[in-house]
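Trainee: Can you read through this structure? Questions will come right after.
All of the numbers you see were taken from the coordinates with simple rules; none came from a lab. Model, not experiment: these values are computed from the prediction. Methodologically, a virtual Cβ is constructed for each residue, glycine included, from the backbone with ideal geometry; neighbour enumeration extends over all protein chains shown.
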Amino acid sequence: MEAEDIRRATWRMAHEIIERNHGLDGLVIVGLQTGGVWLAEDIAAALHEIEGTRPPLGTLDVAFHRDDIGLRPLLPEAPTQIPFGLDNQAVVTVDDVLHTGRTIRAALDALTSYGRSRTVQLAVMVDRGHRELPIRPDYVGKNLPTRRDEMVDAHRNGVDLGEIVK
C-alpha cells in the first residue's frame with residue numbers, strides 16, 4: 001500500500017463507521033499508542049469532513065494490561081489520554097496492524113477502567129492474520145496475509161514489509 005491507498009482505505013473505513021453507527025452520535029475514537037494514534041486521527045478527520053462534526057478522540061497505552069508482562073520488558077509507549085467517559089458510548093478502537101490479537105485483548109481490559117461502553121468496535125489498517133485469540137476487526141483497510149517471521153509497518157505513507165531481525 002502507498003499513501004494514496006492508505007487515504008482511500010481510511011475514507012472507506014470512515015464511511016463504514018458512519019453507516020454501521022447510523023451517524024456519529026454517542027461515538028468516540030480511541031487510538032492505541034503508538035501505531036494506532038495516527039490512524040485514529042486520520043479517521044476522526046475524515047469523519048469530520050464527511051459529517052461536519054468530529055467525534056471525541058483519545059489515546060490508550062495498554063502496556064500495563066498485556067498478558068506478557070514478565071516475558072518481555074515493560075515499556076509504556078506514551079500516555080493514555082481519554083478526557084471523556086465511555087459509559088454508553090460506541091467506542092471505535094483503532095490500531096495500525098492486527099496480528100495475534102493480544103494487544104486488542106489488553107485494550108479491551110484497559111477500556112473498562114474508563115466506563116461501560118455500549119459497544120467496542122475495532123478498526124485496523126492491516127489485518128495480517130496469525131490470530132492467537134478470537135478477535136476480528138470490524139473495519140479493515142487491507143487484509144495482508146504474511147509469514148510469522150515478517151514485520152509489517154503501517155504509516156500514513158504506506159505499508160512496509162520486512163524480515164524480523166533476531
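Trainee: Per DSSP helix of 4 or more residues, -39500 (n - 2.57); summed, then divided by the residues of the chain. What does that give at 222 nm, rounded to the nearest 500? Numbers along the way, then the final one.
Mentor: Working: 3 runs with 46 residues, N = 166.
Result for the chain: -9000 deg cm²/dmol, rounded to the nearest 500.
Trainee: Please compute the net charge surrounding D87, taking Lys and Arg as +1 and Asp and Glu as -1 over other residues with Cβ under 11 Å from its Cβ. Let's see the in-between values first.
Mentor: On the way: positive: R116, R118; negative: none.
Once all neighbours under 11 Å are counted, the net charge is +2.
Trainee: Then there is this: Quick check on packing: order 20-26, 41-47, 31-37 by the mean number of other C-beta atoms within 10 Å, highest mean leading. Could the numbers behind the result be given before it?
Mentor: On the way: 20-26: 14.1, 41-47: 20.3, 31-37: 21.9.
Those peptides, ordered most packed to least, come out 31-37, 41-47, 20-26.
Trainee: Of the DSSP beta bridges with both residues in the chain, give the percent that are antiparallel, rounding to the nearest 5.
Mentor: Working: 8 of 30 bridges.
Here the share of antiparallel DSSP bridges comes out near 25 percent.
Trainee: If you average over every viewing direction, what projected area does the convex hull of the Cα atoms of segment 1-59 give, in nm²? Walk me through the numbers on the way to the answer.
Mentor: Details: hull surface 15.5 nm².
Average of the hull's projected areas for segment 1-59 equals 3.9 nm².
Trainee: Among the GluC sites (Glu not before Pro) within segment 95-166, which fall in a DSSP loop and have no more than 11 other Cβ atoms within 10 Å of their own Cβ? Provide the component values of the computation, followed by the final result.
Mentor: Working: sites: E132, E150, E163; in loops: E132.
Here the sparse-neighbourhood loop sites are E132.
Trainee: Please report the net charge: other residues with Cβ closer than 10 Å to the Cβ of W38, K and R +1, D and E -1.
Mentor: Numbers: positive: R156; negative: E41, D42, D96.
Net charge in that neighbourhood comes out at -2.
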